[in-house]
Amino acid sequence: MKKYEKIKITIIGAGSVSFCPSTVNDIFKSEKINSLPLEIVLMDIKQEALDASFAYAKQMRDLKNPNAKITATLDLEESLVDADFVITAIEKDRYHYWSQDFHVPRKYGFRQIYGENGGPGGIFHTLRNLEPMLEIARAMEKICPNAYLLNYTNPEAKLIEAILKSTKINAIGLCHGEWWGVFHVAHMLGKKMEEIETEASGLNHFACFTKIVDKATGEDLYPLLRQKEREMPKLKNWDHDALSRILLRTYGVWIYPGANHIGEYFAWSDAFLASAAMQFFYDPAEESPWEDKDNPLEFIYQINDLFNRSWETEMSKKNNDDLFKMAFTVSDEEEGNSDHIQSSEYGVPIIEAIVFDEPLHVGALNIMNKNYVPNLPNGMVVEVPATVDGNGIHPVKTAKIPTAIAAMITTQGAISELLLEAYLEKSRNKLLQAILLDPTVSSYNNAVALINDLFELQKEMLPEMHWHQA
């Protein structure tokens, strides 16, 4: 077990308006981390983004820990020197390309929703982020091979699997989906989150609770959850809960986090997502949406956004200046030093647990399956609970998941494997195999056309891949 005399944390993708501010916040709100000499390095590929995050981090440093060292750099290798922990949250022109991931598959008749982690859109999202994530991992192998990589970048499972199969670094995937799953289940049960205990098992953005019990008494709460679900109005929280409710009735378990994420992995989910037709809506008779990256299409997360605009939806409509101003602004609460509550993200608590050898239970991490989920294949990345301490990450073996859910997830594991092979072989043929496996894909001809179409639209971002004769 390593004894830490100091802590160096590198944040790559420091211009991320979703994760960088919350990560910097969490670091400076950790009394434990700030009890040791602390260095934070911010790294991004865009100077504008880096400047905004650097200014924000310095403000937080001055308020919370003036002795902390903060640097910013555009140089990846420089940022990794002597790093103990590397946190990644990367994405370039997110909504511009994400709108293509959503619309192009649907143009070819594939019943895909959302387009972030599953479906053909999720596959191309992986291809855009795979090369830079592997570049980071390989640089870590050379410069800081013993550091932990804590990744927030999506598609989480596919990227972590590629990194673990291609490098020797210690990489884990982090996602707050499980936290939101617990939040919604507790709300339905009429209990506080801390009053229930769950066991999560499955795939990132498509995992189930194999156990929901009362923490004090050990009572199985699934019978009560089923009763509460039946008593709920049929249309309540439709875009978030409707699909999980149908899955509970069908398969007997609660699947999280919400319809737009869960539904990416099968074709019939669009009936349970009212906002699907509104995501990145445009009029093709009058608009050419992908000609101007500075004016992305409006992003609809779920139907409630029409009445109560979510932060992420508002962000999708802003230009870069507005984005950075909204995200990297020190709040009145922070300036007044009154708020010591960390976010729901697991990254900083994991760092605390490792550095100070204080055991921590984490509800869900993305790691390589080694019999942790008994009826999912070994060698694919799964989402399971874990304990963390000074000796590292210790995944917890979970109960079997329902056979039908396991079959759906196993298919996604095969897609991930083929996708990595396609990337390494630079083969569109192997990519076609992966896409034809996807449950939302219904036409060979259209699958080929989709590949060619997206490679043309996203040629600045995609790795080199070619058609090869057999």
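List of remarks:
- When segment 443-470 is filtered for residues that are of a type outside the set (A, V, I, L, M, F, W, C), surrounded by 16 or more Cβ atoms within 10 Å (Cβ to Cβ) and either part of a helix (DSSP H, G or I) or on the phi > 0 side of the Ramachandran plot (or both), the ones remaining, listed by number, are Asn446, Asp453.
Here is a yes/no grid of residues against (1) part of a helix (DSSP H, G or I); (2) surrounded by 15 or more Cβ atoms within 10 Å (Cβ to Cβ); (3) without any contact (Cβ under 8 Å) to a residue 12 or more places away in the chain; (4) touching a strand residue (DSSP E or B) at 6+ places or on another chain (Cβ under 9 Å):
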{"site": "Pro349", "(1), (2), (3), (4)": "yes, yes, no, yes"}
{"site": "Val355", "(1), (2), (3), (4)": "yes, yes, no, yes"}
{"site": "Lys370", "(1), (2), (3), (4)": "no, no, no, yes"}
{"site": "Asn375", "(1), (2), (3), (4)": "no, yes, no, no"}
{"site": "Val388", "(1), (2), (3), (4)": "no, yes, no, yes"}
{"site": "Ile405", "(1), (2), (3), (4)": "yes, yes, no, yes"}
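- The residue that is farthest from the chain's Cα centre (by Cα), counting only those in segment 81-100 that are among the hydrophobic types (A, V, I, L, M, F, W, C) and buried (at least 20 other Cβ atoms within 10 Å of the Cβ), is Ala83.
- Residue count for segment 407-442 under the criterion of being more than 30 Å from Thr198 (Cα to Cα) and assigned to a helix (DSSP H, G or I): the result is 18.
- Restricting segment 24-78 to residues that are under 18 Å from Val348 (Cα atoms) and charged (D, E, K, R), the residue that is nearest to the chain's Cα centre (by Cα): Asp26
- Here Ile255 passes the criteria (1) closer than 14 Å to His184 by Cα; (2) surrounded by fewer than 21 Cβ atoms within 10 Å (Cβ to Cβ) except the one numbered (2).
- Selection within segment 268-308 - small (Gly, Ala, Ser) and more than 14 Å from Gly115 (Cβ to Cβ): Ala271, Ala274, Ala285, Ser288
- Number of residues in segment 101-130 that are within 15 Å of Ala276 (Cα to Cα), crowded, with 24+ Cβ neighbours inside 10 Å and either polar (S, T, N, Q) or at pLDDT below 95 (or both) equals 4.
- Exclusive hit being in contact (Cβ under 8 Å) with a residue 12 or more places away in the chain and assigned to a loop (DSSP other than H, G, I, E, B), set Glu39, Glu31, Glu5, Glu77: Glu5
- In segment 138-147, of all residues being surrounded by fewer than 24 Cβ atoms within 10 Å (Cβ to Cβ) and not acidic (Asp, Glu), the one that is nearest to Lys236 (Cα to Cα) corresponds to Ala147.
- Applying a threshold of 6 Å to beta carbon distances and a minimum spacing of six or more residues, or different chains, the list of pairs starting in segment 276-292 at a residue that is farther than 8 Å from Ser99 by Cβ and surrounded by 11 or more Cβ atoms within 10 Å (Cβ to Cβ) and ending at one that is among the charged types (D, E, K, R) and at pLDDT 90 or above reads Ala276/Asp270.
- Asp82 being among the acidic types (Asp, Glu) and at pLDDT 95 or above: yes
- All positions within segment 1-49 that are of a type in the set (Phe, Trp, Tyr) and either modelled with pLDDT of 90 or more or over 20 Å from Asn154 (Cβ atoms) (or both): Tyr4, Phe28
- Residue match in segment 146-154 (condition: outside any helix (DSSP H, G or I), of a type in the set (A, V, I, L, M) and at pLDDT below 95): no
- Considered as a group, the residues in segment 190-242 that are of a type in the set (A, V, I, L, M) and in contact with a strand residue (DSSP E or B) (Cβ under 7 Å, 6 or more places away or on another chain) include one that is nearest to Lys158 (Cα to Cα), and that residue is Leu203.
- Among strands (runs of 3 or more DSSP E) entirely within segment 166-236, having at least 1 residues that are in contact with a helix residue (DSSP H, G or I) (Cβ under 9 Å, 6 or more places away or on another chain) and more than 22 Å from Pro349 (Cα to Cα) singles out 196-203, 206-214.
- Residue match in segment 409-416 (condition: modelled with pLDDT of 95 or more, surrounded by 18 or more Cβ atoms within 10 Å (Cβ to Cβ) and among the aliphatic types (A, V, I, L, M)): yes
- Residues being touching an Asp or Glu at 6+ places or on another chain (Cβ under 6 Å) and of a type in the set (Ser, Thr, Tyr) - total across segment 253-277: 1
The values are calculated or read from the model by the stated rules, or taken from the named source; none is laboratory data. Keep in mind it's a predicted model, so treat the numbers as computed, not measured. We place every Cβ from the backbone using ideal geometry, glycine too, and count neighbours over all the protein chains shown.
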